[in-house]
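Here is the structure we will look at, set down as structure tokens.
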Amino acid sequence: MKALITGASSGIGLSLANHLAALGYDLILTSRSEDKLKTVARGIKTKVKIMTFDLTQEADVYKLYDQVKKENLDLVINNAGFGLFGEFSQTDLKRELEMIDLNVKSYHILTKLFVQDFVKKDHGYILNVCSSAGFMAGPRLSTYYATKNYVTKLTMAINEELRVKKSNAHISALCPGPVDTNFNKVAKGRFALKGISPDYVAKYAIKKLYQNKMLIVPTLTMKLGLFFIRFLPYRLQLIVAYHIQYRKEKGPKKKVSS
């Protein structure tokens, strides 16, 4: 068994790498940091190949695919991504466009190419790491929420297409709430909600992926939250979302991601 994981040097990606290795998977791990990937690889007992790419660059996304398309992958995990806290009128446009390139374009390209491959050979799994943010609009984290909405809904649509044709290619969206990762440092903010362990998220995600769950939502609390918010008017949803976001402060804060 062999899996590709993007954004594998920390957080959920790192936990997924460790868990899959424990299950016997050989791994191809990517991120922008070769040093961090080498550190990760040293802790894994199965075969590991590391590749450094900047997936905000479209050319690098295609280079990654070209280098792994003949690896006979069983599983592809699109995990690389980041967020940016702040009011839309004040956040940096260049950084937001980089986020769209990474969180949306790289996911779209890799999902498209690997779905085509997996449909052709009638085997394979894709796990798109999305977020509970993919079901809401997110004031003060607006672009991040929008990117996660895109990938969540895209994944759901592809899942239905594959289900209807009875394909043995499968795709799922992992939609956790806040997770204890490096997300906050990159996003320059923090969530008000307590994060859960990325190791728990990784184990839960892989278990549900192989049960062919379309939407994978760790923790009962988040499942209930997403269920009940569907009954709220959009304006009230926005008010709730605004107040659960980060109250911007300077200084070191606990690192969490969603």
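Within the stretch 1-31, the residues that satisfy the criterion of being at pLDDT 95 or above and more than 20 Å from LYS69 (Cβ to Cβ) are ILE12, GLY13, LEU14, SER15, LEU16, ALA17, ASN18, HIS19, ALA21, ALA22, LEU23, GLY24. The set of residues from the stretch 34-45 being within 24 Å of LYS69 (Cβ to Cβ) and surrounded by 15 or more Cβ atoms within 10 Å (Cβ to Cβ) comprises LEU37, VAL40, ALA41, ILE44. The residues of the stretch 7-26 that are in contact with a strand residue (DSSP E or B) (Cβ under 7 Å, 6 or more places away or on another chain) and over 17 Å from LEU209 (Cα atoms), listed by number, are GLY7, ALA8, SER9, GLY11, ASP26.
Scanning the stretch 224-239 for residues that are part of a helix (DSSP H, G or I), among the hydrophobic types (A, V, I, L, M, F, W, C) and surrounded by 10 or more Cβ atoms within 10 Å (Cβ to Cβ) returns LEU224, LEU226, PHE227, ILE229, LEU236, LEU238, ILE239. Residues that are more than 21 Å from THR143 (Cα to Cα), surrounded by fewer than 16 Cβ atoms within 10 Å (Cβ to Cβ), in contact with a strand residue (DSSP E or B) (Cβ under 6 Å, 6 or more places away or on another chain) and not aliphatic (A, V, I, L, M): does the stretch 47-69 have at least one? Within the stretch 47-69, one or more residues are more than 21 Å from THR143 (Cα to Cα), surrounded by fewer than 16 Cβ atoms within 10 Å (Cβ to Cβ), in contact with a strand residue (DSSP E or B) (Cβ under 6 Å, 6 or more places away or on another chain) and not aliphatic (A, V, I, L, M).
Could you go through the stretch 158-173 and let me know if any residue there is β-branched (Val, Ile, Thr), surrounded by 19 or more Cβ atoms within 10 Å (Cβ to Cβ) and either modelled with pLDDT under 95 or not in a helix (DSSP H, G or I) (or both). Yes, the stretch 158-173 has at least one match. Would it be correct to say that SER89 is under 21 Å from the mean Cα position of the chain (by Cα) and among the polar types (S, T, N, Q)? Criteria not met by SER89.
Look at (1) under 20 Å from ILE171 (Cα atoms); (2) part of a helix (DSSP H, G or I) and you find that THR221 fails only one, number (1). For the stretch 92-120, the set of residues classified as of a type in the set (Lys, Arg) and free of Cβ contacts under 8 Å to residues at least 40 places away in the same chain consists of LYS94, ARG95, LYS112, LYS120, listed by residue number. Just to be sure I understand the filter: pairs with C-beta atoms under 9 Å, separated by 6 or more residues or on different chains, first member in the stretch 42-64 and at pLDDT 95 or above, second member among the basic types (Lys, Arg) and outside any helix (DSSP H, G or I). Which pairs pass? Partner pairs satisfying both residue conditions: LYS47/LYS2; THR52/ARG32; PHE53/ARG32; ASP54/ARG32; LEU55/ARG32; THR56/ARG32.
The values are calculated or read from the model by the stated rules, or taken from the named source; none is laboratory data. Computed from a prediction, not measured in an experiment: that's the story for all the values here. Note that each Cβ is placed from the backbone with ideal geometry, even for glycine, and that neighbours are counted across all protein chains shown.
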